[in-house]
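Some notes on the structure that comes next.
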Amino acid sequence: MVTAEPLLRWIVLLPALGFLWNATVGQRAPRTSAVVGPGAVGAAFAIAIVTVLRLHGLEGGQGDGPPMLHDLVYRWIEVGPFHSDVAFRLDAISAIMVLVVTGIGFLIHVYSLGYMHDDPCFARFFTYLNLFITAMLVLVLADNLLLLFVGWEGVGLCSYLLIGFWYEVEANAIAGKKAFLVNRVGDASFVLGLFLLVQHTGTLDVAELQAKAGTLAGTMVGPMTLATLVCLLLFGGATGKSAQIPLFVWLPDAMAGPTPVSALIHAATMVTAGAYMVTRLYFLFDLAPAALAVIAWIGALTALVAATIAIAQADIKKVLAYSTVSQLGYMFLGLGVGVTGAALFHVVTHAFFKGLLFLGAGSVIHGMHGEQDMQKMGGLRRHMPGTYWTMLVGTLAISGVPFLSGFYSKDEIIAGAFLGPHPQPLLGVIGYVVAVLTAFYMGRLFFLTFFGEERFDHHHVHPHESPWSMLGPLVVLAVLSAVGGALDVPGQVNHFIGAHHEEATPFGMLVLAGALAFLGLGAAWYAYVREPSLPEQAATAAGGLYRFLRDKWRVDELYDAIVVRPLFALAEFLARIVDPDFVDGAVNGIADVVAWLSSRWRRLQTGNLQHAALSFLVGALVLLGYFVVH
């Protein structure tokens with residue numbers, strides 16, 4: 001049942017208008033951005049709530065198909081039978097995402113008022129933030145994949161702008177370029193998938209694709225079905241946006257941007273785009289079990305690798321960055337084993353507690369005058385009580401402590417690996433291992449930061465609590481992180497999005513998951529509070545293994561050796577040899593030949609009347625000879 005809803009366009013337009021204001025008027029009156037930037041997103045959130053309530057009101061109505069609100073803005077492209085519109089759709093999946101994007105995005109905007117209050121580029125910062133929200137809303141509300149791709153590329157551009165926001169520092173500019181380039185690799189795969197869809201179905205409209213999806217399953221391309229090939233290509237795009245193996249290397253470096261940017265990218269926008277896209281097109285992926293198996297394995301392995309790296313990082317934001325990579329791995333594991341409701345629910349709970357943790361880390365960094373090394377912190381609970389208590393909630397939630405939000409969503413995914421439509425028990429075991437590691441590295445972060453001796457320089461660092469413009473969003477997110485699990489009790493997300501898998505997690509699995517969370521947190525407490533000399537002893541005993549984890553599995557070095565250096569060498573060869581000797585040589589050679597011919601021809605143009613008459617006579621004789629012969 002489709003109902004027209006013209007309010008949908010305003011959810012996108014309001015942040016877009018905020019972007020235009022901040023990019024023009026805001027540059028001359030920066031303080032107006034403090035009202036327009038958060039206000040535009042807050043207004044979009046209010047409209048999103050209204051439209052979602054209207055959608056919910058349609059659930060009991062009569063008609064064909066699940067309820068959906070639709071807003072056709074204008075016909076965009078029409079070439080033969082192919083057409084694409086600027087049109088927005090609000091169904092169960094996009095309703096969840098639009099609330100997350102605008103709701104969490106609004107809190108991050110408010111937090112930024114305090115965090116960026118003395119930055120000279122205050123208006124530029126909110127310009128980029130509003131554009132980021134606009135692009136993400138286009139992505140989640142688009143009713144066709146071409147418009148979705150516009151939002152897809154828009155968030156990629158905004159991540160580049162925001163990660164390199166403080167571009168005066170070369171490392172920040174390089175991190176922005178790295179994020180941009182790595183994502184282009186995934187985007188190339190995504191575009192190929194779109195081309196195949198257009199070629200074989202003639203449309204990119206989501207509803208029309210859903211009606212024609214069955215034809216893809218019956219077409220073979222070599223050893224696999226066309227559906228499998230298309231899904232693998234589309235998932236290639238998701239590995240870039242959502243930082244999965246082998247394209248996760250950009251996300252930890254994204255920490256170069258201001259901390260609210262990290263929270264926005266990690267919690268509410270860009271990194272969830274891949275998981276959202278797979279969920280949106282799950283009617284295609286459901287036809288390709290082999291592609292789902294690949295997704296499940298990639299997700300589980302990414303979760304494991306990132307969790308092991310997070311254990312050995314000293315930078316508080318780097319720990320959270322690898323934690324995000326790991327949690328995204330959980331989401332793809334859930335999608336791969338067929339528990340889409342659990343995966344989407346984990347997107348929601350992750351937005352709550354990861355937004356909280358990143359903003360909390362920003363509060364710590366703000367109070368520590370820019371210090372990010374946890375080895376130089378300690379004992380901060382006495383100086384930052386508000387940050388301490390809210391970070392405690394976030395740490396317990398992501399660790400999977402019972403009755404907090406992360407406990408429900410993560411354990412539904414792990415249970416799905418054993419009992420879901422496409423079970424992978426071995427990946428379920430990996431999921432449990434990652435759960436213990438998650439609790440341990442988050443406990444390590446928390447205890448190193450807030451407990452133990454004060455390891456900072458008291459002469460230069462004076463820790464202090466953040467203002468309420470920053471603490472307020474922390475408190476709201478802490479409440480959501482604590483009670484957010486109730487949103488899916490019992491299985492409401494599955495019911496809302498119409499997922500088939502609605503089995504409850506067995507009680508024994510819940511007990512095991514809770515026990516593993518306490519095991520990880522207890523081990524961290526013992527190592528970093530009870531016996532603080534133990535971590536150094538363990539690192540010494542581990543030797544090369546510890547350095548391997550600290551150096552992030554040396555993936556960057558591997559890519560540098562097999563991709564970056566060969567490409568630079570090729571570029572240098574082209575610049576030094578091919579370009580001057582062949583390209584320039586060919587172009588200059590043609591120019592030289594033309595110059596030589598023109599110099600010879602010029603000798604015939606003497607201006608002498610006798611020479612002209614002679615030329616005329618010769619030409620006439622040639623023509624006469626030609627006609628005589630023929």
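The values are calculated or read from the model by the stated rules, or taken from the named source; none is laboratory data. Being a predicted model, the structure only gives us computed values, none of them experimental. Positions of Cβ are backbone-derived with ideal geometry, glycine not excepted, and every protein chain shown enters the neighbour counts. Just the protein is used for accessible areas: all its heavy atoms, side chains included, with ligands, DNA and RNA removed. Shrake-Rupley method; radii C 1.70, N 1.55, O 1.52, S 1.80 Å.
Residue 291 meets the stated requirement of being over 16 Å from the mean Cα position of the chain (by Cα) and surrounded by 20 or more Cβ atoms within 10 Å (Cβ to Cβ). Taking (1) modelled with pLDDT under 95; (2) more than 16 Å from residue 273 (Cα to Cα); (3) crowded, with 21+ Cβ neighbours inside 10 Å in turn, residue 130 satisfies each apart from (1). Taking region 425-507 and the helices (runs of 4 or more DSSP H) fully enclosed by it, the elements with 1 or more residues that are at pLDDT 95 or above and out of contact with any Lys or Arg (no Cβ under 8 Å at 6 or more places or on another chain) are at 425-450, 468-483.
Does region 445-463 include one or more residues that are buried (at least 24 other Cβ atoms within 10 Å of the Cβ), over 25 Å from residue 103 (Cα atoms) and not hydrophobic (A, V, I, L, M, F, W, C)? Scanning region 445-463 turns up at least one residue that is buried (at least 24 other Cβ atoms within 10 Å of the Cβ), over 25 Å from residue 103 (Cα atoms) and not hydrophobic (A, V, I, L, M, F, W, C).
Going through region 202-236 one residue at a time, which ones are in contact (Cβ under 8 Å) with a residue 40 or more places away in the chain and open to solvent by 50 Å² or more (accessible area, probe 1.4 Å)? Result: 207, 210, 214, 224, 232. When residue 401 is tested against (1) open to solvent by 10 Å² or more (accessible area, probe 1.4 Å); (2) closer than 30 Å to residue 296 by Cβ; (3) assigned to a helix (DSSP H, G or I), only condition (3) is not met. Does residue 393 satisfy being open to solvent by 20 Å² or more (accessible area, probe 1.4 Å), within 30 Å of residue 496 (Cα to Cα) and either at pLDDT below 95 or part of a helix (DSSP H, G or I) (or both)? So residue 393 fits the description; yes. Among all residues of region 590-603, there is none that is without any contact (Cβ under 8 Å) to a residue 12 or more places away in the chain and in contact with a helix residue (DSSP H, G or I) (Cβ under 9 Å, 6 or more places away or on another chain).
Quick grid of which residues meet (1) in contact with a helix residue (DSSP H, G or I) (Cβ under 8 Å, 6 or more places away or on another chain); (2) under 26 Å from residue 326 (Cα atoms); (3) hydrophobic (A, V, I, L, M, F, W, C); (4) in contact (Cβ under 8 Å) with a residue 12 or more places away in the chain:
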site	(1), (2), (3), (4)
519	yes, yes, yes, yes
523	yes, yes, yes, yes
527	yes, yes, yes, yes
547	no, yes, no, no
550	no, yes, no, yes
559	no, yes, no, yes
578	no, no, yes, no
584	no, no, no, no
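When region 404-420 is filtered for residues that are open to solvent by less than 50 Å² (accessible area, probe 1.4 Å) and either basic (Lys, Arg) or assigned to a helix (DSSP H, G or I) (or both), the ones remaining, listed by number, are 405, 406, 407, 409, 410, 411, 412, 413, 414, 415, 416, 417. Counting only helices (runs of 4 or more DSSP H) that fall entirely inside region 520-603 and contain at least 1 residues that are surrounded by 10 or more Cβ atoms within 10 Å (Cβ to Cβ) and within 28 Å of the chain's Cα centre (by Cα), the qualifying elements are 544-550, 555-559, 565-573. Just to be sure before I move on: is residue 95 surrounded by 15 or more Cβ atoms within 10 Å (Cβ to Cβ) and in a strand (DSSP E or B) in the structure I sent? So residue 95 does not fit the description; no. I'd like to check something: does region 348-360 contain any residue that is among the aliphatic types (A, V, I, L, M) and surrounded by fewer than 24 Cβ atoms within 10 Å (Cβ to Cβ)? There is at least one residue in region 348-360 that is among the aliphatic types (A, V, I, L, M) and surrounded by fewer than 24 Cβ atoms within 10 Å (Cβ to Cβ). The residues in region 372-382 that are closer than 10 Å to residue 315 by Cβ and surrounded by fewer than 20 Cβ atoms within 10 Å (Cβ to Cβ) can be counted, and the count is 3. Residues of region 23-37 being touching a His at 6+ places or on another chain (Cβ under 9 Å) and either more than 14 Å from residue 120 (Cα to Cα) or open to solvent by 40 Å² or more (accessible area, probe 1.4 Å) (or both), which ones? Answer for region 23-37, where residues must be touching a His at 6+ places or on another chain (Cβ under 9 Å) and either more than 14 Å from residue 120 (Cα to Cα) or open to solvent by 40 Å² or more (accessible area, probe 1.4 Å) (or both): just 37. Scanning region 372-391 for residues that are farther than 17 Å from residue 470 by Cβ and of a type outside the set (Lys, Arg) yields 373, 374, 375, 377, 378, 379. For residue 239, the requirement of being farther than 24 Å from residue 125 by Cα, open to solvent by less than 20 Å² (accessible area, probe 1.4 Å) and not basic (Lys, Arg) is met.
Pairs linking a residue in region 311-332 that is farther than 14 Å from residue 435 by Cα to a residue that is open to solvent by 10 Å² or more (accessible area, probe 1.4 Å) and assigned to a strand (DSSP E or B), with Cβ atoms under 6 Å and 6 or more positions apart or on different chains, are 314/373. Screening 31, 9 for residues that are within 25 Å of the chain's Cα centre (by Cα) and more than 16 Å from residue 105 (Cβ to Cβ) leaves exactly one candidate, 9. In this structure, is residue 301 among the aliphatic types (A, V, I, L, M) and either open to solvent by 10 Å² or more (accessible area, probe 1.4 Å) or modelled with pLDDT under 95 (or both)? So residue 301 fits the description; yes.
When residue 198 is tested against (1) under 21 Å from residue 421 (Cα atoms); (2) of a type outside the set (Gly, Ala, Ser); (3) open to solvent by 10 Å² or more (accessible area, probe 1.4 Å), only condition (1) is not met.
Against the list (1) touching a Leu at 6+ places or on another chain (Cβ under 8 Å); (2) farther than 23 Å from residue 157 by Cα; (3) open to solvent by 10 Å² or more (accessible area, probe 1.4 Å), the condition residue 51 fails is (3).
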